[in-house]
Amino acid sequence: MIKMRKVLLILSCILLVACQGNKTDNQQVKNDKPIQKESLVLKQWRYLSLNGDGNDDGYYHFEADEDGQTRLFYTDYSTGKEVYLCNKPECKHNDESCTAYLSSSNIEEMFVYKDHLYFIELSQGTVQIFGDGIVSSSKAAPRIYQMDLDGQNKKELCQLEEGYQFEAGDIAFDGENMYLSISKNDDINIGKGSYLQVTIQNELYKINLETGKKEKVINLYDGLSDKNIAAVEGRNLILTGYSYKENPQKYLDKKDIEGYDKVMMNGQSIVEILNIDTLKKETIKIKENFQFNYYQNKIYYSDKNKIYTFDLKTQKKDEFLTLDKGYEYVLDLYGDRMIIAQWKDEKMKRTLTTSLKNPKVKELRHYTREPKEAVHILSMNSKNLFVIYDREGSYEKTWAGTMQYETKKEYKGIISIDDFFDNKKNYKKISPIQ
């Protein structure tokens, strides 16, 4: 009996060790699974060109004054107040001790991603003339700065070599890097004191958000095609541009501007899908030249009074909507909603809207006071829109003798996406800095 118990005890120990061993093996297999990489996030130029960017909590923007100084502002959605990006009491915001102050007026764009703000500074040139007539010039290279969301810990993330510049356009992020275009231009002497500026280099780079290390990804311009970032889908960048039957550079070399223009004007629209991990790409040529609007593998564009879709997977064109004849239409997508501006004789007549999932057109009745304009969307987050919903001003005579409307005051507010597209004017008004 005692022997039997010993045998059972030994067997139990063996089984226990075996089970623990299996558990460790299973745990090892589990840990060996590949880490899921973040989907790309797009920062669109249509927002960045307005000198600001937002997240779910608020909106950041910058303003440059006549003295060449720039200040950063923050609009807090929860309090409904606009403030300087500075937490120092009684600060005058006029020197580098203030987190809202930037000594440069050459800020091109500003964007927020996760826990940091980023802004791009263009190159700055200075010229000195000495008493003996010698001219000395210098140029500071374009660079990207990074800071915390409260303006603290500002640092230079990276800078470019002389002659290169950050291309104005959409920017993508993948958690560790930003993706953007870096280009180089050349001024071509076409005679009689005239010059034509052309792109001679355009490359897609990724820049590490922690170290600032730059790494070339692909050429965006190769002489026979020129592309830029237009959308993202998962880990794919959607690039759009034009392809050419021949390299236009050969006409520039001969100073044949007419030949150069002819090649450029006859370019064919292309879409290129680039996976940022494998660098595998698919190029799709499209017959129509279109205004690019992208949502879930489809392009939306207008032609006369019809709106079409082009499916990038099937490469099939379908009619999406038919609108009234006699107008021009301009489209913009906001998630799965479309805003359609109806124009005639260079005047905006009204705005329309539809869902991409259930296409039924109705008027979107969000307008400013006269002269009537559509409410201006500054930023969009997961739930709300930040907008300029009205403005005050007057018509002023320009140097050319024409009358032009000059805005004196803007009214900004937050509104839910659902309320906006349901024509409910439930704006939460923002108190501006006085």
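The values are calculated or read from the model by the stated rules, or taken from the named source; none is laboratory data. Everything numeric in this text was worked out from a predicted model, so none of it was measured. Reconstructed Cβ throughout: ideal geometry from the backbone, glycine too, with neighbour counts over all protein chains shown. The protein model used for the area step is the full one, side chains on, heavy atoms only, and it has no ligands, DNA or RNA in it. Shrake-Rupley method; radii C 1.70, N 1.55, O 1.52, S 1.80 Å.
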Report task. Select the strands (runs of 3 or more DSSP E) contained entirely in the stretch 263-331, then report the ones holding at least 2 residues which are open to solvent by less than 30 Å² (accessible area, probe 1.4 Å) and either among the charged types (D, E, K, R) or closer than 30 Å to ARG350 by Cβ (or both). Result -> 268-275, 298-303, 306-311
Query - Matching option when the condition is loosely packed, with under 15 Cβ neighbours inside 10 Å, modelled with pLDDT of 95 or more and in a loop (DSSP other than H, G, I, E, B), among SER97, SER78 - result: SER78
Report summary line: Of those in the stretch 388-429 that are polar (S, T, N, Q) and assigned to a strand (DSSP E or B), the residue nearest to ASP53 (Cα to Cα) is SER416
Report task. Looking only at the stretch 420-432, count how many residues are more than 17 Å from THR354 (Cβ to Cβ) and open to solvent by less than 40 Å² (accessible area, probe 1.4 Å). Result -> 1
Query raised in the report: Within the stretch 337-367, can you find the residues that are open to solvent by 40 Å² or more (accessible area, probe 1.4 Å) and in contact with a Lys or Arg (Cβ under 7 Å, 6 or more places away or on another chain)?
Result: TRP343, GLU363
Report summary line: Reported set for the stretch 368-387 where residues are open to solvent by 80 Å² or more (accessible area, probe 1.4 Å), under 25 Å from ASN55 (Cβ atoms) and of a type outside the set (Lys, Arg) is HIS376, SER382
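Going by the structure shown, is LEU157 in contact with a Gly (Cβ under 7 Å, 6 or more places away or on another chain), surrounded by 13 or more Cβ atoms within 10 Å (Cβ to Cβ) and not polar (S, T, N, Q)?
Here the answer is yes, as LEU157 does meet what is asked.
This table checks each residue for (1) in contact (Cβ under 8 Å) with a residue 60 or more places away in the chain; (2) closer than 21 Å to ASN228 by Cβ; (3) of a type in the set (Phe, Trp, Tyr).
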site: ASN289; (1), (2), (3): no, yes, no
site: TYR295; (1), (2), (3): yes, yes, yes
site: TYR301; (1), (2), (3): no, yes, yes
site: LYS306; (1), (2), (3): no, no, no
site: THR309; (1), (2), (3): no, no, no
site: LYS316; (1), (2), (3): no, no, no
site: GLY326; (1), (2), (3): no, no, no
site: LEU333; (1), (2), (3): no, yes, no
Query - Single residue of GLU156, GLU162 found to be without any contact (Cβ under 8 Å) to a residue 40 or more places away in the chain and either charged (D, E, K, R) or out of contact with any strand residue (DSSP E or B) (no Cβ under 7 Å at 6 or more places or on another chain) (or both) - result: GLU162
Report task. Scan the stretch 329-337 and give yes if some residue there is over 25 Å from ASP53 (Cα atoms) and either in contact with a Gly (Cβ under 9 Å, 6 or more places away or on another chain) or modelled with pLDDT of 95 or more (or both), otherwise no. Result -> yes
**Report entry** Scan of the stretch 313-338 for residues that are of a type in the set (S, T, N, Q) and more than 25 Å from ILE273 (Cα to Cα), ordered by number
**Finding:** THR322
Query - From ILE284, ILE299, residue being of a type in the set (Val, Ile, Thr), touching a Phe, Trp or Tyr at 6+ places or on another chain (Cβ under 7 Å) and closer than 16 Å to GLN268 by Cβ - result: ILE299
Query raised in the report: Can you name the residue in the stretch 100-119 that is over 18 Å from VAL41 (Cα atoms) and not charged (D, E, K, R) and, of all such residues, is most open to solvent (accessible area, probe 1.4 Å)?
Result: SER103
